[in-house]
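Visitor: After the structure tokens below, expect a handful of questions from me.
The values are calculated or read from the model by the stated rules, or taken from the named source; none is laboratory data. Predicted model only: the values in this text are computed from it and were never measured. Methodologically, a virtual Cβ is constructed for each residue, glycine included, from the backbone with ideal geometry; neighbour enumeration extends over all protein chains shown. Quick note on the areas: whole protein, heavy atoms, side chains included, nothing else; ligands and nucleic acids left out. Shrake-Rupley method; radii C 1.70, N 1.55, O 1.52, S 1.80 Å.
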Amino acid sequence: MRIVVLMKPVPDTAAGGERLGPDMRLDRAAVPAVVNANDEYALEAALKLTEALGGEVTLLSMAPASAPDTMRKALAMGAHHGVLVTDPVLEGSDTVSTTRVLAAALKTLEYDLAFAGADTSDGGAGVVGPGVAALLGLPLLSYAAKIEPDEAAGRVRVRRLSPTGYDVLEAPMPALVVCTQALGEPRYPSLKGIMAARSKEIVTRSLSDVGVTPEEVGGAVAGTKVLEATSPPARAATEVVREPADVAAERVVAFLAARRII
Amino acid sequence: MPGIWVVGEIADGGLARISTEVATLARGLGETAGHDVSGIVVGAQPKKAADELARFLPRVVAVSEPATDGNAAATIVAERIAALARNSGPDYLLLGAGPEGRDTAGVLSAMLGWPVLANATGLGWRDDGPTVEMSVFGGKLNTTNAFTGGRGIITVRPNAAAAEPAASPGKVEEASPNGEPQLPRVTVVDSVAEPGAAAPIEEARVVVAGGRGVGGEDGFKVVQELAEALGGVVGATRAAVDAGWINYAHQIGQTGKIVKPQLYLALGISGAIQHKVGMQTAETIVAVNRDPDAPIAEFADLVVVGDLFEVAPAITAALRARSG
Ligand SMILES: Cc1cc2nc3c(=O)[nH]c(=O)nc-3n(C[C@H](O)[C@H](O)[C@H](O)COP(=O)(O)OP(=O)(O)OC[C@H]3O[C@@H](n4cnc5c(N)ncnc54)[C@H](O)[C@@H]3O)c2cc1C
């Protein structure tokens, strides 16, 4: 089983320092990068599958040249290879460019399944995975809570989260699966994993390596722009209630009534 | 049919609630901009949803597409809309920002090469194009965004607007596309309902959420009862979900759902950043926590310092007494 996991380095939300730069784009230098959470779930699912069935997991990122630091963390979890598509032209890419570049890069790799996270914690559009599937003509199995490939039959089954439970989807491989946290908690890298990751190869590819011309992608042709950014109005000061439960409850009810919530 | 198209989403045979909100916003946008706004519904039986969408929009096209029967719909729907969009030339496509809308928007964007502005919390019009309000970096910043060219796709968050039907209902036209969709099909082998799967927490007016402090599956009964007394639904933190006390469908936060209810009431929740990003734009935040220094106390409007197992039932009782 060969699985490619699309992985994006994103600013660490826990560090809390995300901001826009003077060009109104996310200032990626301001905050340490981590593996996007939904991509970690995808990677964990990929590792469990290859541990059970044999095979290898390749990470694929389109990211700034500093991305190998973040990719090492994912390699330390157990991914076997890393492929980084990086090019100065790609700075400021919108989702259309990202989708094109990732699709072009994925096309150069061999795989049975490609995994993407349901969305990213920075952009959050959730459109890149479906877009890559469409460009490559891959079956799209999204919002996965369980992934069951059948190598002999060359098919994959996925439980897709639905408003009332889940749907069981089935399609031939190769296919693209969009992954969620419901797949299970990601592992922490072991010390052995961290040591091993140091010697794992991260292949760097330029745009021309993946067959994309610089004119069709990147910040210069981005289809969206930020016009303005403002801080939301500060919340009013917190009211603290320390009375015994029944008195506190009356105060909560009065508070909700005053705000016309009840 | 140039102008603005609302892609109506089918849920349970009818129109998804999110589409009524998107349609309401789009109609307002069309009025400001002086553009036509149309709806489009693609499905094996699109008529019912199309009729519902026509309560909001002057003109709706119901496209019958038998292929969505028994197959995952989003890719097929997107392929049909992409073909129609190429012929009829709308400028903007609007969808809901839920799973179906995102899948459809992703495929549409890739097929048409149109950019996406995602998770709109509001829409406006300026300099001949739409502007899109977004809440980014977990609610730390509000941005106003626009397309650089003349065309684009917008996904809209739940609760961005209150659905409001038009003064008079619109017309529904039926259309049958030619040929078969080309992208590979994904079969729906089975649909399984899970108990406690999904109160639609993104749409709820009141969310009562439980965290690690709730202590177990049984503890969630206290959360459920308070939610019922408030006419709300139950949410949870990842800690509670990871512990297996409640289904992932209820999780709020960075890797769960983003909610913007009128009232968010937190029971035994510390307010970690990854949780906060999913709820901090709630209009009113009330927390019950034993620890007065829990981070949630920094951004809640009201904090009760105390044991949730005493305070929550007392609030439930007070609410019941009040409603008689
Ligand atoms: C990549 C990543 C993604 C994540 N995504 C999410 C996400 O989407 N959603 C999410 O919620 N979390 C997410 N987390 C986890 C997050 O960091 C926190 O661990 C989690 O939100 C904590 O949940 P909690 O508040 O229930 O538990 P805790 O932080 O343990 O807080 C429990 C609180 O309950 C209080 N308490 C205990 N007993 C009682 C009692 N009897 N009465 C009153 N108060 C009591 C305690 O004082 C404490 O404040 C993510 C983490 C990572 C690393």
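Visitor: Counting just the residues of region B:129-164 that are in contact (Cβ under 8 Å) with a residue 60 or more places away in the chain and charged (D, E, K, R), which one comes out nearest to A:VAL226 (Cα to Cα)?
Guide: Residue satisfying both the conditions and the ranking: B:ARG151.
Visitor: If you go through region B:247-262 one residue at a time, how many are more than 9 Å from chain A (Cβ to nearest Cβ) and more than 14 Å from the ligand (Cβ to nearest atom)?
Guide: 2
Visitor: Continuing with this model, one more query. Out of the residues in region A:175-195 that are touching a Gly at 6+ places or on another chain (Cβ under 9 Å) and buried (at least 21 other Cβ atoms within 10 Å of the Cβ), which is nearest to the other protein chains (Cβ to nearest Cβ)?
Guide: Filtering first and then ranking leaves A:GLN181.
Visitor: Let me ask another. Taking region B:228-248, which residues are farther than 20 Å from B:LYS276 by Cβ and open to solvent by less than 30 Å² (accessible area, probe 1.4 Å)?
Guide: B:LEU230
Visitor: Determine which single condition A:ALA14 fails, assuming it passes every other condition in (1) open to solvent by 30 Å² or more (accessible area, probe 1.4 Å); (2) touching a residue at least 24 places away in the same chain (Cβ under 8 Å); (3) outside any loop (DSSP other than H, G, I, E, B); (4) within 11 Å of chain B (Cβ to nearest Cβ).
Guide: In the conditions (1) open to solvent by 30 Å² or more (accessible area, probe 1.4 Å); (2) touching a residue at least 24 places away in the same chain (Cβ under 8 Å); (3) outside any loop (DSSP other than H, G, I, E, B); (4) within 11 Å of chain B (Cβ to nearest Cβ), A:ALA14 misses (2) alone.
Visitor: What do you reckon, is B:ARG59 over 30 Å from A:GLU170 (Cβ atoms), surrounded by fewer than 24 Cβ atoms within 10 Å (Cβ to Cβ), in contact with an Asp or Glu (Cβ under 9 Å, 6 or more places away or on another chain) and of a type in the set (Lys, Arg)? Break it down into steps so the answer makes sense when it comes.
Guide: On the way: over 30 Å from A:GLU170 (Cβ atoms): yes; surrounded by fewer than 24 Cβ atoms within 10 Å (Cβ to Cβ): yes; in contact with an Asp or Glu (Cβ under 9 Å, 6 or more places away or on another chain): yes; of a type in the set (Lys, Arg): yes.
Judged against the criteria, B:ARG59 is a match.
Visitor: Considering only region A:210-221, I want to know if a residue exists there that is open to solvent by less than 40 Å² (accessible area, probe 1.4 Å) and within 7 Å of chain B (Cβ to nearest Cβ).
Guide: Going through region A:210-221, the residues open to solvent by less than 40 Å² (accessible area, probe 1.4 Å) turn out to be A:210, A:212, A:217-219.
Checking which are within 7 Å of chain B (Cβ to nearest Cβ) leaves us with none.
Checked against the condition, which is being open to solvent by less than 40 Å² (accessible area, probe 1.4 Å) and within 7 Å of chain B (Cβ to nearest Cβ), region A:210-221 yields no hits at all.
Visitor: So, A:GLU148, is that one within 19 Å of A:VAL35 (Cβ to Cβ), more than 9 Å from chain B (Cβ to nearest Cβ) and more than 18 Å from the chain's Cα centre (by Cα) or not?
Guide: no
Visitor: Within region B:65-75, does at least one residue satisfy the condition of being over 30 Å from B:HIS275 (Cα atoms) and more than 14 Å from chain A (Cβ to nearest Cβ)?
Guide: The first filter runs over region B:65-75 and keeps only residues over 30 Å from B:HIS275 (Cα atoms), leaving B:65-73, B:75.
Narrowing the set further to residues that are more than 14 Å from chain A (Cβ to nearest Cβ) leaves B:65-66.
Within region B:65-75, one or more residues are over 30 Å from B:HIS275 (Cα atoms) and more than 14 Å from chain A (Cβ to nearest Cβ).
Visitor: Another question, then. For the structure I just gave you, tell me whether B:GLY216 is in contact with a helix residue (DSSP H, G or I) (Cβ under 7 Å, 6 or more places away or on another chain) and open to solvent by less than 40 Å² (accessible area, probe 1.4 Å). Before you say what the answer is, go through the steps one by one.
Guide: On the way: in contact with a helix residue (DSSP H, G or I) (Cβ under 7 Å, 6 or more places away or on another chain): no; open to solvent by less than 40 Å² (accessible area, probe 1.4 Å): yes.
So B:GLY216 does not fit the description; no.
Visitor: Scan region B:197-246 for residues that are within 12 Å of the ligand (Cβ to nearest atom), within 14 Å of chain A (Cβ to nearest Cβ) and part of a helix (DSSP H, G or I) and report the count.
Guide: 6
Visitor: Quick one: would you say B:THR281 is open to solvent by 10 Å² or more (accessible area, probe 1.4 Å), of a type in the set (Val, Ile, Thr) and assigned by TED's automatic domain parsing to the domain that holds B:ARG205? Don't jump to the end; show me each part of the working.
Guide: Details: open to solvent by 10 Å² or more (accessible area, probe 1.4 Å): yes; of a type in the set (Val, Ile, Thr): yes; assigned by TED's automatic domain parsing to the domain that holds B:ARG205: yes.
For B:THR281, the condition - open to solvent by 10 Å² or more (accessible area, probe 1.4 Å), of a type in the set (Val, Ile, Thr) and assigned by TED's automatic domain parsing to the domain that holds B:ARG205 - is met.
Visitor: Please state which of the following conditions B:HIS35 fails to meet, knowing it meets all the rest: (1) under 16 Å from B:GLY152 (Cα atoms); (2) in a strand (DSSP E or B).
Guide: Only one criterion is unmet by B:HIS35, namely (2).
Residues are listed down the side, and each one gets a yes or a no for (1) touching a residue at least 40 places away in the same chain (Cβ under 8 Å); (2) among the hydrophobic types (A, V, I, L, M, F, W, C):
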| position | (1), (2) |
| --- | --- |
| B:ARG17 | yes, no |
| B:THR20 | yes, no |
| B:LEU29 | yes, yes |
| B:GLY34 | no, no |
| B:VAL60 | yes, yes |
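Visitor: State all residues of region B:104-163 that are among the basic types (Lys, Arg) and under 30 Å from A:GLY16 (Cβ atoms); if no residue qualifies, say none.
Guide: So the first thing to find is which residues in region B:104-163 are among the basic types (Lys, Arg), and the list is B:126, B:140, B:151, B:157.
Passing the criteria: B:LYS140, B:ARG157.
Visitor: I'm trying to understand the selection: among the residues of region B:134-190, which are open to solvent by 60 Å² or more (accessible area, probe 1.4 Å) and either in contact with a Pro (Cβ under 6 Å, 6 or more places away or on another chain) or facing chain A (nearest Cβ under 10 Å) (or both)?
Guide: B:LYS140, B:THR148, B:ARG151, B:GLN182, B:ARG185, B:VAL189, B:ASP190
Visitor: Looking only at region A:222-252, which residues are assigned to a helix (DSSP H, G or I), facing another protein chain (nearest Cβ under 7 Å) and among the β-branched types (Val, Ile, Thr)? Spell out how you get there, then give the answer.
Guide: Of all residues in region A:222-252, those assigned to a helix (DSSP H, G or I) come to A:245-252.
Checking which are facing another protein chain (nearest Cβ under 7 Å) leaves us with A:245-246, A:248-250, A:252.
Matches in region A:222-252: A:VAL252 only.
Visitor: Taking region A:163-174 only, how many residues are free of Cβ contacts under 8 Å to residues at least 40 places away in the same chain and more than 7 Å from chain B (Cβ to nearest Cβ)?
Guide: Step one: list which residues in region A:163-174 are free of Cβ contacts under 8 Å to residues at least 40 places away in the same chain, which gives A:163-172.
Now drop any that are not more than 7 Å from chain B (Cβ to nearest Cβ), which leaves A:172.
Residues that pass the stated criteria total 1.
Visitor: In region A:96-147, how many residues are within 16 Å of the ligand (Cβ to nearest atom), in contact (Cβ under 8 Å) with a residue 60 or more places away in the chain and either touching a helix residue (DSSP H, G or I) at 6+ places or on another chain (Cβ under 8 Å) or open to solvent by 30 Å² or more (accessible area, probe 1.4 Å) (or both)?
Guide: Counting residues in region A:96-147 that are within 16 Å of the ligand (Cβ to nearest atom), in contact (Cβ under 8 Å) with a residue 60 or more places away in the chain and either touching a helix residue (DSSP H, G or I) at 6+ places or on another chain (Cβ under 8 Å) or open to solvent by 30 Å² or more (accessible area, probe 1.4 Å) (or both) gives 5.
Visitor: Here's something else I'd like to know. Select, from A:GLU56, A:GLU44, A:GLU91, the only residue that is open to solvent by 30 Å² or more (accessible area, probe 1.4 Å) and closer than 27 Å to A:GLY16 by Cα. Quick ask: steps written out before the conclusion?
Guide: Details: A:GLU56 fails: closer than 27 Å to A:GLY16 by Cα; A:GLU44 fails: open to solvent by 30 Å² or more (accessible area, probe 1.4 Å).
So the residue among A:GLU56, A:GLU44, A:GLU91 that is open to solvent by 30 Å² or more (accessible area, probe 1.4 Å) and closer than 27 Å to A:GLY16 by Cα is A:GLU91.
Visitor: Further question on the same structure: Let me spell it out: the conditions are (1) among the polar types (S, T, N, Q); (2) within 12 Å of the ligand (Cβ to nearest atom); (3) farther than 18 Å from A:ARG235 by Cβ, and B:THR316 meets all of them except one. Which number is the exception?
Guide: (2)
Visitor: Still on this structure: What pairs come out if I take residues in region B:302-324 that are facing another protein chain (nearest Cβ under 7 Å) and pair them with residues that are aliphatic (A, V, I, L, M) and assigned to a loop (DSSP other than H, G, I, E, B) whose C-beta lies under 7 Å away, six or more apart or interchain?
Guide: Between residues of region B:302-324 that are facing another protein chain (nearest Cβ under 7 Å) and residues that are aliphatic (A, V, I, L, M) and assigned to a loop (DSSP other than H, G, I, E, B), the close pairs are B:LEU319/A:ILE262; B:LEU319/B:LEU230.
Visitor: Filter region B:254-278 down to residues that are modelled with pLDDT of 95 or more and within 19 Å of A:VAL35 (Cα to Cα) and give me whichever is least open to solvent (accessible area, probe 1.4 Å).
Guide: Among those that are modelled with pLDDT of 95 or more and within 19 Å of A:VAL35 (Cα to Cα), it is B:HIS275.
Visitor: Of everything in region B:267-300 that's in a strand (DSSP E or B) and either within 8 Å of the ligand (Cβ to nearest atom) or under 20 Å from B:ALA97 (Cα atoms) (or both), which residue is nearest to the other protein chains (Cβ to nearest Cβ)?
Guide: Applying the first criterion (in a strand (DSSP E or B)) to region B:267-300 yields B:267, B:284-289.
Still in the running and either within 8 Å of the ligand (Cβ to nearest atom) or under 20 Å from B:ALA97 (Cα atoms) (or both): B:267, B:288-289.
Values: B:LEU267: 12, B:VAL288: 8, B:ASN289: 11 Å.
Once the filter is applied, the top-ranked residue is B:VAL288.
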